[in-house]
Amino acid sequence: MSRRNLIVGNWKMHGTVSESLKRITALGRKLEDIGTTDVVVAPPHTALYSAAIAAQDTGIKVAAQNMHWEADGAYTGEVSATFLTEVGCEFVLIGHSERRKLFHEKDEQLNKKLHAALAHELGAIFCIGETNAEREAGQTFERLKEQLKIGLHELHIHDIEGLNIAYEPVWAIGTGNTATTEQINEVHNWIRAYLEKNFDGPTANSIRLLYGGSVKPENAKSLIACENVDGLLVGGASLDPDDFVAIIEAVA
Ligand code: PEP
């Protein structure tokens, strides 16, 4: 099955509304033809509405960096899936390692978020990955299995449309230490096999697997060439429109 490549720029807590608009306008101008690649940017919540409007007619789609699983209620500081779709979001990051580490998000909570996101037809980008200590201790696959088992709990074949999984080794994020293609092949092939074991073949094969962790224009081509890499999740390099466009073009 052929899967469309997906390139996601995670802008984290960088950018006011006007800065985000400047970035998205520059991207729209530089990206003349994104062809068959899906391009998504994730600005801070405050910029989502204007970013989605600015992205119209560019082919770029907008993602939120987080959401709550409930529809509404007494959850100070949170936003729900319906709020996100209302402002034009089509994707959402779930379980980024910074959410897990700094905000103590647990696999069980991420499972609820995935259920809610997919039920509202948001493309979910579910982030998993091991820490350096886990890799050194030979626990990489144990940790990934736990994240997948709990994160995807009770998601059935008909729920899965719109699910993307991003393998982001924590030790590679923002460090300049990109995982090697051997490491990425080993993990991505293992994730695909895990999905095939737990879903039927066509469903497992419809899920896009992204790699994230110090992706740059110079390494994007070799990363996307890995058999089970269907896209890239880009942090730092997505803040510079020239670098992000160079990554997208390398993939296209
Ligand atoms: C990220 O934040 O998801 C990420 C991969 O960051 P960077 O590209 O800067 O390593």
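The values are calculated or read from the model by the stated rules, or taken from the named source; none is laboratory data. Because the structure is a prediction, the values reported are computed rather than measured. Positions of Cβ are generated from backbone atoms using ideal geometry, with glycine treated the same way; all protein chains shown enter the neighbour counts.
Answer with yes or no whether residue 137 is under 16 Å from residue 40 (Cβ atoms) and small (Gly, Ala, Ser). Spelling it out, it is not the case that residue 137 is under 16 Å from residue 40 (Cβ atoms) and small (Gly, Ala, Ser). Residues that are away from the ligand (no atom under 16 Å from the Cβ) and farther than 18 Å from residue 123 by Cα were ranked within the stretch 1-19; the one that is modelled with the lowest pLDDT is 1. Is it the case that the stretch 131-143 has a residue that's within 13 Å of the chain's Cα centre (by Cα) and part of a loop (DSSP other than H, G, I, E, B)? The answer is no, given that none of the residues of the stretch 131-143 is within 13 Å of the chain's Cα centre (by Cα) and part of a loop (DSSP other than H, G, I, E, B). Here residue 60 passes the criteria (1) in contact with a strand residue (DSSP E or B) (Cβ under 6 Å, 6 or more places away or on another chain); (2) more than 17 Å from residue 246 (Cβ to Cβ) except the one numbered (2). Residues that are away from the ligand (no atom under 16 Å from the Cβ), surrounded by 13 or more Cβ atoms within 10 Å (Cβ to Cβ) and of a type outside the set (Val, Ile, Thr) within the stretch 145-165 comprise 145, 146, 148, 149, 151, 152, 153, 155, 159, 162, 163, listed in sequence order. Within the stretch 124-139, residues that are closer than 15 Å to residue 186 by Cβ have Cβ atoms under 7 Å from residues that are of a type in the set (S, T, N, Q) and assigned to a strand (DSSP E or B) in no pair, counting only partners at least 6 apart in sequence or on another chain. In the stretch 242-252, which residues are more than 11 Å from the ligand (Cβ to nearest atom), of a type in the set (A, V, I, L, M, F, W, C) and in a helix (DSSP H, G or I)? Within the stretch 242-252, 245, 246, 248, 250, 251 meet the criteria.
Please report, ordered by residue number, the helices (runs of 4 or more DSSP H) entirely within the stretch 166-241 with at least 1 residues that are within 16 Å of the ligand (Cβ to nearest atom), closer than 21 Å to residue 138 by Cβ and more than 18 Å from the chain's Cα centre (by Cα).
In the stretch 166-241, the matching helices (runs of 4 or more DSSP H) lie at 181-198.
Tallying residues that are among the β-branched types (Val, Ile, Thr) and under 17 Å from residue 214 (Cβ atoms) within the stretch 1-21 yields 2.
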